[in-house]
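Comments concern the structure below.
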Amino acid sequence: MRRSARPRGTRASSQIYSDLRTELVSLVRRPGEIISESQIATAYGVSRTPVREAILKLADEGLVEIFPQSGIFVSRIPVAALPEAIIIRKALEETTARMAAERVTSSQLLNLHAVLERQREASAAKHREAFHQADELFHATIAEIAGYPGIWTLIQQVKVHVDRYRRLTLPQAGRMAEVIAEHEPILAAIEARDPNGARLAMARHLERLLSDISEIQMINPEFFDQPT
């Protein structure tokens, strides 16, 4: 599909990178799928140079694999990398939850309640993409309340493959409701100005990601790498 706007130069590369990254992380482009530089260049109305620049950045993140003489392929989710990324995220978000409970204002609490309500609405509508976006906003808002929004930026860099894995958990029966049930005690502890309670609630929430890896891999083996 040809894009309506025709980006140029560095802006073209950045736009293509952003769009492709979104498609890869959301699993719109599935692991093992071939990526055609020429098709992307045609869709954006640009030469292959900015496409290649975007592809190289995505390869650096491990989202695509480049095989000379064979082509460019969407990478599979690296199972071995998931636990470390989740542990890093957990350590950082325990800190933001604790600090949010120490610093939260009344208006910030109202905002956090509104974000959680968006998740409930998305869950009721069975709209997984809207649910995921509200989930991201919930965690980003906690980092902002803590006074360290840059921590969320760092987490986003660390959790790229975790996000791909998380997309596979949402179709599981009852999972969206479970996430909301895990978010509610985090919010309750922040509202109660209970730093340790907020930290523990966040830890329990993110530990679930660790415990589900094997089950999700078993259900969706084609999405994961198969180390020998």
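The values are calculated or read from the model by the stated rules, or taken from the named source; none is laboratory data. Since this is a predicted model, take the numbers as computed values, not measurements. Quick reminder, even Gly has a Cβ in these numbers, built from the backbone with ideal geometry, and neighbours come from all protein chains shown.
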State whether the residues of segment 182-198 include one that is part of a helix (DSSP H, G or I) and basic (Lys, Arg).
no
Could you pull out every one of the helices (runs of 4 or more DSSP H) wholly within segment 1-75 that has 1 or more residues that are over 30 Å from ILE155 (Cα atoms) and modelled with pLDDT of 90 or more?
37-44, 48-60
Specify which of the listed residues (LEU137, LEU112, LEU82) is more than 22 Å from ALA189 (Cβ to Cβ), surrounded by 14 or more Cβ atoms within 10 Å (Cβ to Cβ) and in contact with a helix residue (DSSP H, G or I) (Cβ under 7 Å, 6 or more places away or on another chain).
LEU82
Among the residues in segment 149-163, are any crowded, with 17+ Cβ neighbours inside 10 Å and more than 30 Å from ARG30 (Cβ to Cβ)?
yes
May I ask you to say which residue of ALA101, ALA41, ALA54 is in the same structural domain as ALA198 (by TED's automatic domain parsing), crowded, with 16+ Cβ neighbours inside 10 Å and either farther than 23 Å from ARG166 by Cβ or not small (Gly, Ala, Ser) (or both)?
ALA101
Residues of segment 85-117 being in contact (Cβ under 8 Å) with a residue 60 or more places away in the chain and farther than 23 Å from VAL158 by Cα, which ones?
ALA101, GLU102, VAL104, LEU109, LEU112, HIS113, LEU116
Okay, helices (runs of 4 or more DSSP H) sitting entirely in segment 94-160 with 2 or more residues that are small (Gly, Ala, Ser), I get 106-124, 128-146
When you scan segment 199-219, do you find a residue that is touching a Ser or Thr at 6+ places or on another chain (Cβ under 7 Å) and either assigned to a helix (DSSP H, G or I) or modelled with pLDDT of 95 or more (or both), even just one?
yes
Filtered residues of segment 172-181 (kept if surrounded by 13 or more Cβ atoms within 10 Å (Cβ to Cβ) and part of a loop (DSSP other than H, G, I, E, B))
GLN172
Any residue in segment 172-198 that's closer than 21 Å to ILE145 by Cβ: show its pairings with residues that are at pLDDT 95 or above and in a loop (DSSP other than H, G, I, E, B) at Cβ separation under 9 Å, as long as the two are six or more apart or on different chains.
ALA188/ASP194; ILE190/VAL104; GLU191/VAL104; ARG193/VAL104; ALA198/ALA192
Do you know which residues across segment 22-38 are free of Cβ contacts under 8 Å to residues at least 60 places away in the same chain, β-branched (Val, Ile, Thr) and either buried (at least 16 other Cβ atoms within 10 Å of the Cβ) or in the same structural domain as LEU168 (by TED's automatic domain parsing) (or both)?
ILE35
